[in-house]
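Read the structure below first, then the notes.
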2 protein chains.
Amino acid sequence: MAPRTRPSADADDTPRRLLRAAGEEFARFGYERATVRGICARAGVNLAAVNYHFRGKRGLYNAVLRDSHQAALDRYPGPTTPPPGLSPEQMLEVFVRDFLERMLDEGRPAWHGQLMAREIIQPTHALDQITDRFIRPQYEALRGIVRDLLGPAGQSEPLLRRCCFSVVGQCLFYKHAQPVIRRLHPDLTLGPAERAAASRHIAAFSAAAIRAAAPSPSEPVLSPPRRRGSPPNRNGALA
Amino acid sequence: MAPRTRPSADADDTPRRLLRAAGEEFARFGYERATVRGICARAGVNLAAVNYHFRGKRGLYNAVLRDSHQAALDRYPGPTTPPPGLSPEQMLEVFVRDFLERMLDEGRPAWHGQLMAREIIQPTHALDQITDRFIRPQYEALRGIVRDLLGPAGQSEPLLRRCCFSVVGQCLFYKHAQPVIRRLHPDLTLGPAERAAASRHIAAFSAAAIRAAAPSPSEPVLSPPRRRGSPPNRNGALA
DNA sequence: GGGGAAGTCAAACGCGCGTTTGATACGCTT
DNA sequence: AAGCGTATCAAACGCGCGTTTGACTTCCCC
């Protein structure tokens, strides 16, 4: 069973090395441009191993998604389970910070955010599954936060939707527009400090805009109007 | 010279048909996934015509960019030459509306916006040229608008930059995240009405946020601490 | 009216890709 | 020791891609 001279329980077997190498290549190049040959070369395994262990490139990609999804849930418990007692502004900042960090975090085996970011703009066969298992829960969490910020206006579905799009759009920009950003601002580094500043900016920018979109400030804005109806984060988030 | 039975000045010669077909294919599939065979089939010309008239796929793409760039300038004079007498809020709305319309406008031979949107997230060999000729002018126009909205705070280069990123990020989202949007909101159409509403939302959302980021109208908040040192916007903007 | 440039065309070339094949080696069971 | 399932490997297959080739047609000009 064990190929070379490894007894049995070994974390360095061929499927694991393939998963790791494939995660790096898929995150760096995307599903289409990543090559099975490149992955196998990086993993130091034979070319046919992908088809033997994962039934082809698609199967390997699906396995990487499953694997990294679980790892990401462990690493970022995230705003789907927010610590209580935070103001909506604080929850928005936590959401934005985690979202941005996930996508821009290179280095460690944290490809999940990069794979998600890629799927959004270059869908593969796995997008439906990814939407159900990852994107929609995150989206519902954000909707809950924004709904709280909007107050009574949060009952307006188009407004709520567009505000969420605005938040997510700002975050995705820092991930996907990097080639242009580098050309427009050659001195900009986009290191951890800049990322933190960017996430604070997005959270403050969005919170101010959402608060402004809410009705008049003269009246108790948050609590009373949405006392009725369903709790803010009912459907989808944990479904 | 003229191939079949066409005397001379004919708008339907092979290079023109190739340009048109290539624009559609490049806009729809991107540079990499668009195929020379597909373009030639759509244009109804022989496969070798691309290499004969444009010296290959790259040359054809460059020609499409040049051609559509000129056409786009004709169609959208745009906010680089804004009509005077508009408030900064109105100028921002014009900018956002044109930007969004350019990118989402399908149908007519208006591939330029789609090609630009693609280049931002999937750069090709032409991105440097495109940045200089198209993106940077647009970016500077937006910077001017946002600087006006920010007031004294507009002297802060990082704040100005991030506000511009926020505006552009919101716009790009509607273009690039369409697969996910359709899955999250299957009933959403994204037709002309929704696009118009989205552009109004982005403009209002951003204007409110930028105004909020500006110091209070009663007191100048930002100016004193950074009075010393070099002028804030010296390098890069026009260099 | 004959020479040559310009243009078109079917066919093929070379390459990289995902995948498959068949041989080979290993370890466990009986 | 024989048998068998598991795993690895080098080699090749089949396909689509961008590009090239060489022959053929058409038109202008001297």
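The values are calculated or read from the model by the stated rules, or taken from the named source; none is laboratory data. Worth saying up front: this structure is predicted, and the values here are computed from it rather than measured. Glycine gets a Cβ as well: all are built from the backbone with ideal geometry, and neighbour counts include every protein chain shown.
Computed values, structure above
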{"read-out": "Residues of segment A:157-180 satisfying the condition of being under 12 Å from B:Leu172 (Cβ atoms) and part of a helix (DSSP H, G or I)", "value": "A:Phe165, A:Ser166, A:Val168, A:Gly169, A:Gln170, A:Cys171, A:Leu172, A:Phe173, A:Tyr174, A:Lys175, A:His176, A:Val180"}
{"read-out": "B:Glu93 buried (at least 21 other Cβ atoms within 10 Å of the Cβ) and free of Cβ contacts under 8 Å to residues at least 40 places away in the same chain", "value": "no"}
{"read-out": "Candidates A:Pro179, A:Pro186 - the one that is touching a Pro at 6+ places or on another chain (Cβ under 7 Å) and either facing chain B (nearest Cβ under 7 Å) or without any contact (Cβ under 8 Å) to a residue 60 or more places away in the chain (or both)", "value": "A:Pro179"}
{"read-out": "Flag for B:Ile121 being surrounded by 21 or more Cβ atoms within 10 Å (Cβ to Cβ) and either within 20 Å of B:Ala198 (Cα to Cα) or charged (D, E, K, R) (or both)", "value": "no"}
{"read-out": "Subset of segment A:32-44 that is within 14 Å of another protein chain (Cβ to nearest Cβ) and in contact (Cβ under 8 Å) with a residue 12 or more places away in the chain - its residue that is nearest to DNA strand D (Cβ to nearest atom)", "value": "A:Glu32"}
{"read-out": "Within segment B:45-92, tally of residues that are at pLDDT 85 or above, more than 16 Å from DNA strand D (Cβ to nearest atom) and more than 16 Å from the chain's Cα centre (by Cα)", "value": "6"}
{"read-out": "Test: residue in segment B:150-160 that is at pLDDT 95 or above, within 11 Å of chain A (Cβ to nearest Cβ), out of contact with any helix residue (DSSP H, G or I) (no Cβ under 9 Å at 6 or more places or on another chain) and farther than 25 Å from A:Gln122 by Cβ", "value": "yes"}
{"read-out": "Unique residue being away from every other protein chain (no Cβ under 11 Å), assigned to a loop (DSSP other than H, G, I, E, B), small (Gly, Ala, Ser) and touching a residue at least 12 places away in the same chain (Cβ under 8 Å) when the list is A:Ala110, A:Ala141", "value": "A:Ala110"}
{"read-out": "Selected residue [surrounded by fewer than 22 Cβ atoms within 10 Å (Cβ to Cβ) and touching a helix residue (DSSP H, G or I) at 6+ places or on another chain (Cβ under 8 Å)] from B:Ala198, B:Ala208", "value": "B:Ala208"}
{"read-out": "Test set (1) in a helix (DSSP H, G or I); (2) within 16 Å of DNA strand C (Cβ to nearest atom); (3) more than 30 Å from A:Ala193 (Cα to Cα) - A:Ala21 fails condition number", "value": "(3)"}
